[in-house]
Amino acid sequence: MPTEQASIAPAAPSTPRVVTDPAYVKIRDIIYRVSGIYHPENKLYLLAERCGRRMTALKVATPSEYVDCITVRPNREAELRQLLNEITIGETSMFRSVPQLDALRRVILPQIVEAKAKLGYRKLRLWSAGCSTGEEPYTLAMVLMEEAKGALKGWSFEIAATDLNERSIETAKAGLFGDYGLRNTTDFYKQQYMHADGKNFRVNDEVKGLISFSRLNLQDDSKMLFMKGMDIIFCCNVLIYFDGVSKGRVIHHFYSNLLAGGYLLLGTSESLFQVNDEFRLVHFPGATAYWKQPPTAAPGGAK
């Protein structure tokens with residue numbers, strides 16, 4: 001399953017070169033301060049490559065001159081966004097983690113639905129934080145639409161999908177995917193919720209209608225305050241590019257933005273160990289999740 005607010009593009013030379021120009025350290029620090037993405041010394045060459053693309057586009061000769069482009073020139077904010085677009089290129093697919101989706105269907109959704117139904121609520125709000133080019137939120141929308149034929153009949157859904165990369169957001173809104181992005185998608189879902197568009201498949205409008213795409217920096221404290229009232233948050237393969245301080249800030253916002261009884265799901269290689277102790281870790285077959293435990297409650301499926 002998807003993905004990344006800030007997954008650093010994987011392309012790299014076979015023998016990483018040593019970056020010695022101190023201007024790249026300045027750029028690295030600016031990127032970290034703005035987005036929480038940190039490039040350690042052995043990854044500075046990746047940052048240099050991405051800066052090189054922007055320097056070529058702007059006809060800028062030196063890294064020091066490019067520092068001026070993102071700090072003092074009139075269009076500095078726009079250029080900084082362009083640079084962030086270069087360094088946050090996600091790689092993902094629909095239906096990426098079947099065990100995670102099975103946990104969602106079999107335990108997480110039934111548990112949340114039961115609790116909310118007792119209070120008279122019949123609406124679910126999900127957040128795909130770091131949605132990349134849309135594979136994750138579209139997957140979630142299709143899963144919910146299938147569940148609406150049974151256990152979730154009569155419920156309404158809302159999926160907020162956010163990413164730092166403006167280009168990724170525009171691609172996501174189009175909802176057009178090729179074989180690579182659909183490599184884990186069954187023919188059933190293609191036939192039910194998509195239609196052929198040339199050699200690709202385009203997501204149907206009824207699926208798109210469940211999702212609201214927008215640009216969001218997870219390190220923007222003021223903007224994060226507006227993401228309240230979530231039942232489930234997916235943030236897969238994003239935190240691995242943050243240092244401990246940045247992770248802690250984001251996870252605290254996630255905890256605050258989740259309703260009691262809500263769940264946070266991360267990528268398979270990600271953990272909140274030594275990052276946050278507010279959540280309760282819940283184990284499922286082949287997957288884990290983090291639960292915002294209501295008072296005196298015990299999670300279904302916890303082990």
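The values are calculated or read from the model by the stated rules, or taken from the named source; none is laboratory data. From a predicted model like this one, the values you see are computed outputs, not experimental measurements. Glycine gets a Cβ as well: all are built from the backbone with ideal geometry, and neighbour counts include every protein chain shown. The area values use the complete protein model at the heavy-atom level, side chains included, leaving out ligands, DNA and RNA. Shrake-Rupley method; radii C 1.70, N 1.55, O 1.52, S 1.80 Å.
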| said: What distance in nm separates the two pseudo spin-label positions at R105 and R122, each 7 Å out from Cα along the beta-carbon direction? | reply: 2.4
| field | Pairwise FRET efficiency - E114 versus N276, Cβ, R0 = 25 Å, nearest 0.05 | value | 0.45
| note | Scaled by the rule-of-thumb 2.2 N^0.38 Å, the alpha carbon Rg for the stretch 92-250 gives a ratio of 1.05
| message | Computing the accessible area with a 1.4 Å probe over protein heavy atoms, can you report the carbon and sulfur percentage for the stretch 25-137? | response | 53
| query | For labels at V98 and R167 in the simple 7 Å Cα→Cβ model, what's the distance in nm? | reply | 3.3
| field | Whole-number accessible area per residue in Å² for the chain, which is evaluated in the context of all protein chains at 1.4 Å | value | 46
| request: Under a cut-off of 16 Å between alpha-carbon atoms, report the lysines in cross-link reach of K26, not counting same-chain residues fewer than 8 places apart. | output: K43
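Starting from the Kirkwood Rh over alpha-carbon pairs, what translational D in µm² s⁻¹ does the chain have by Stokes-Einstein at 4 °C and 1.567 mPa s?
So the translational diffusion coefficient is about 64 µm²/s.
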| request: Using a Gaussian network model of the chain whose springs link C-alpha atoms within less than 10 Å, name the residue from S128, S269, S212 with the highest mean-square fluctuation. | output: S269
| remark: Of A161, A48, A141, the most mobile residue in a GNM of the chain (C-alpha springs, cutoff 10 Å) is A48
| task | Name the residue, out of T92, T185, T162, whose mean-square fluctuation peaks in a Gaussian network model built on the chain with Cα pairs under 10 Å. | result | T185
| message | Can you pull out the chymotrypsin sites (Phe, Trp or Tyr not before Pro) in the stretch 150-209 whose DSSP state is coil and whose Cβ has at most 11 other Cβ atoms within 10 Å? | response | Y180
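Determine one quarter of the surface area of the Cα convex hull of the stretch 173-277, which equals its mean projected area, and express it in nm² to one decimal.
Computed as one quarter of the Cα hull surface, the answer is 8.4 nm².
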| query | Percent of accessible area on the stretch 171-223 owned by carbon and sulfur, 1.4 Å probe? | reply | 46
| request: Using every pair of alpha-carbon atoms in the stretch 113-193, split the distances into 10 Å bins beginning at 0 and state the percent of pairs per bin, rounded to integers. | output: 16, 42, 30, 11, 0
